[in-house]
1. Percent of accessible area on the chain owned by carbon and sulfur, 1.4 Å probe?
2. If the reach is capped at under 16 angstrom between alpha carbons, list the lysines near Lys145, excluding any in the same chain fewer than eight residues apart.
3. What does the accessible area per residue of the chain come to in Å², with a 1.4 Å probe and no ligands, DNA or RNA counted?
4. Nothing charged except the Cβ atoms of Lys and Arg (+1) and of Asp and Glu (-1): what's the magnitude of the dipole of the chain about its Cα centre? Round to the nearest 20 debye.
5. Going Cα to Cα from Lys249, which aspartates and glutamates come in below 14 Å? Please leave out same-chain ones fewer than 8 positions away.
6. What shape does the range 141-285 have by the C-alpha gyration tensor, where a ≥ b ≥ c are the square roots of the eigenvalues, rounded means a/c under 1.5, and otherwise prolate means a/b greater than b/c and oblate the rest?
7. Subtract the Cα-Cα distance of Glu148 and Glu61 from 0.36 nm times their separation in residues, and report this length gain in nm to one decimal.
8. Determine, from the Cβ-Cβ distance of His102 and Glu126 and an R0 of 51 Å, the FRET efficiency 1/(1 + (r/R0)^6), rounded to the nearest 0.05.
Amino acid sequence: MNPGYAGTFVFENDFAALLPNVEEERIRDRDLLIANTERGVCRVGCFSPRHDLTIPRMSAEELRLVVEMWIGQYLELGAIPWIQHVQVFENRGAMMGASNPHPHCQIWANAHPPNQPSREQDAFGEYIKAHRDCLLCDYLRLELKEQERIVCENDAFSVLVPFWAVWPFETLLISKRHVGSMAELNDGERNLLADILKQLTTRYDNVFEISFPYSMGFHQRPTDGEPHAEWHLHAHYYPPLLRSATVQKFMVGYEMLGTPQRDITPESAAERLRHLSGTHYRDRG
């Protein structure tokens with residue numbers, strides 16, 4: 001059991017996919033078959049002692065505690081000398097493989113950066129060399145100017161449906177200030193992160209008036225001791241629902257073998273989400 005944070009608690013995952021003490025093994029066969037063992041630490045962070053709560057139905061004060069738990073775990077795990085990446089993510093709903101409805105997230109800390117953050121690392125690095133500016137800073141400026149794909153925002157964060165969105169209601173949460181991790185957020189920005197989480201997830205639940213399933217995760221600066229000025233804090237939300245609470249988007253056929261096809265445009269998805277603000281559907285009088 002790890003030290004808890006007021007209103008939240010964190011514990012080691014007994015069924016973890018990553019373990020800290022594993023025997024190192026390598027496979028390398030003529031540059032065709034390549035594999036290495038990967039060690040790490042897996043933890044589960046519970047958002048509240050209450051079994052029935054979800055992020056859109058939690059208070060700003062309760063969500064601030066969740067943000068502090070994420071920051072604490074990022075710093076604690078990132079301080080382990082051999083940890084290079086800390087991944088905070090949430091699978092919400094049975095459709096996304098969440099076997100327990102208690103509001104919770106997972107934190108996986110890797111000895112090496114996983115595939116998706118590594119691809120972002122390469123893109124961020126190439127962009128800053130070519131343009132001498134941050135890729136996500138430039139992209140957010142473009143989106144804020146056009147306003148077509150913006151879903152919601154506050155003084156510190158914007159949520160938008162990315163131009164390249166694959167999932168019908170996919171969104172990207174981006175910090176307005178160039179910071180590499182949640183640990184760099186000031187006190188006011190931490191409150192505003194809690195606020196934007198509630199804004200977005202309330203909109204999601206209001207789309208089909210259900211507890212909207214999704215997988216989400218924060219991508220932030222690696223913890224390998226390097227400055228990584230090219231990194232910009234952001235989170236991806238990938239919800240699977242398409243036209244109703246029971247119609248799910250699947251990647252099949254050409255989408256798996258060729259390229260994903262869009263069921264709705266990012267502009268129409270953003271417009272629909274924009275107009276779903278206000279009271280959570282379960283709390284309406």
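The values are calculated or read from the model by the stated rules, or taken from the named source; none is laboratory data. Predicted, not measured: the structure shown is a model, and the values here were computed from it. Note that we place each Cβ from the backbone using ideal geometry, even for glycine, and neighbour counts take in every protein chain shown. Ligands, DNA and RNA are excluded from the accessible area calculation, which covers all protein heavy atoms including side chains. Shrake-Rupley method; radii C 1.70, N 1.55, O 1.52, S 1.80 Å.
1. Ligands and nucleic acids excluded, carbon and sulfur reach 53 percent.
2. Hits, sequence-local ones excluded: Lys176.
3. Roughly 51 Å² per residue, with all protein chains present.
4. That gives the chain a dipole magnitude of about 620 debye.
5. Cross-link targets: Glu170, Asp263.
6. Here the range 141-285 falls in the oblate category.
7. Result for the pair: 28.2 nm of gain on full extension.
8. E between His102 and Glu126, to the nearest 0.05, is 0.80.
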